1. Would you call residue 108 free of Cβ contacts under 8 Å to residues at least 24 places away in the same chain and surrounded by fewer than 19 Cβ atoms within 10 Å (Cβ to Cβ)?
2. Pick from 275, 313, 246: which is surrounded by fewer than 23 Cβ atoms within 10 Å (Cβ to Cβ) and in contact with a strand residue (DSSP E or B) (Cβ under 6 Å, 6 or more places away or on another chain)?
3. Assess whether residue 279 counts as being outside the structural domain of residue 184 (by TED's automatic domain parsing), modelled with pLDDT of 95 or more and farther than 24 Å from residue 180 by Cβ.
4. Within region 1-47, can you find the residues that are without any contact (Cβ under 8 Å) to a residue 24 or more places away in the chain, under 27 Å from the mean Cα position of the chain (by Cα) and either over 26 Å from residue 329 (Cβ atoms) or in the same structural domain as residue 342 (by TED's automatic domain parsing) (or both)?
5. State which residue is farthest from residue 32 (Cα to Cα) when the search covers only region 195-208 and only residues that are surrounded by 24 or more Cβ atoms within 10 Å (Cβ to Cβ) and touching a strand residue (DSSP E or B) at 6+ places or on another chain (Cβ under 8 Å).
6. Can you tell me which residue in region 16-43 is nearest to residue 227 (Cα to Cα), limited to those that are at pLDDT 95 or above and not in a loop (DSSP other than H, G, I, E, B)?
7. At pLDDT 95 or above, farther than 30 Å from residue 210 by Cα and outside the structural domain of residue 345 (by TED's automatic domain parsing): does that describe residue 298?
8. Out of everything in region 139-155 that is assigned to a loop (DSSP other than H, G, I, E, B) and within 22 Å of the chain's Cα centre (by Cα), what residue ends up being surrounded by the fewest Cβ atoms within 10 Å (Cβ to Cβ)?
């Protein structure tokens, strides 16, 4: 996309393309880390009936504070949280945008450590927040010493850390979280969008939230909850942090429809999360298979696997797409990311990847 010169967009935005993974109509879609198992009939029926009741009041504005939803989210998270320590918005993207609107901005700095979620620098750009990108170790592990050195040098107002990290999948230790919180002069945001997929025993930063008033833990219902179309992200933080976010939120930013549907999904939380264990098992089986084929694989606590390396990863990606399998061309050069799907979808992925890598052009390119 190239905007014509007469469009008076901000100069700093003119070179950019809109963010977005390809949305293509193919048989096997494994590129945006969706849960492949949709809501059950019982959940869908509850959502439909709840919406029917809510529809009679759509002439009225929604609950501006989304109080009932925040109470339900606090109950789901546990850790002694109350509703005033929880905030919700239209996906974790809006949550992050609000964080940088309130705590970033002109004259302020946000930092993270690459490779990580590609939207972080865009949130910074959109809010006129200076962006600093540190680096992870060569194996993509979080380098605590390097992170602390960058924090000491740059004094960022916001530190963004994904755990599990996207696109690599590693989780942070609580020691690493504590070290960053002890060193950071401003807000530390732990993005736990994929938290429900972590291996058993892997801790959450919620367990140290009470120790650090400037720590924020963000979550989403898009992934494990099979609720990507519902667009509901949320965070847990000190109530004073939540109040600061209320200053920058748009009036009535969460529609009655969104709040109603999310509450219905939370009533069925056990059922919505029932396939998480299956997805973890499929993830680990996929990683093991990829290693057995000779690929490099990053251990993942999320519902995706990063694998490589390829001299021409785009050719591999395109070859898979030509066979009806869509994965993600993202992360460091030479690497690809595949979301975890159903066993049938993963079988199609394995067959397609095997065929693509055996084609003469790809074999020569990656020899």
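The values are calculated or read from the model by the stated rules, or taken from the named source; none is laboratory data. Owing to the predicted nature of the structure, the values given are computational and were not obtained by experimental measurement. All Cβ positions, even for glycine, are placed from backbone atoms using ideal geometry, and neighbour counts span all protein chains on display.
1. no
2. Working: 275 fails: in contact with a strand residue (DSSP E or B) (Cβ under 6 Å, 6 or more places away or on another chain); 246 fails: in contact with a strand residue (DSSP E or B) (Cβ under 6 Å, 6 or more places away or on another chain).
Among 275, 313, 246, only 313 is surrounded by fewer than 23 Cβ atoms within 10 Å (Cβ to Cβ) and in contact with a strand residue (DSSP E or B) (Cβ under 6 Å, 6 or more places away or on another chain).
3. For residue 279, the condition - outside the structural domain of residue 184 (by TED's automatic domain parsing), modelled with pLDDT of 95 or more and farther than 24 Å from residue 180 by Cβ - is met.
4. 41, 44
5. This residue is 205.
6. Once the filter is applied, the top-ranked residue is 29.
7. No: the conditions fail for residue 298.
8. It comes out as 139.
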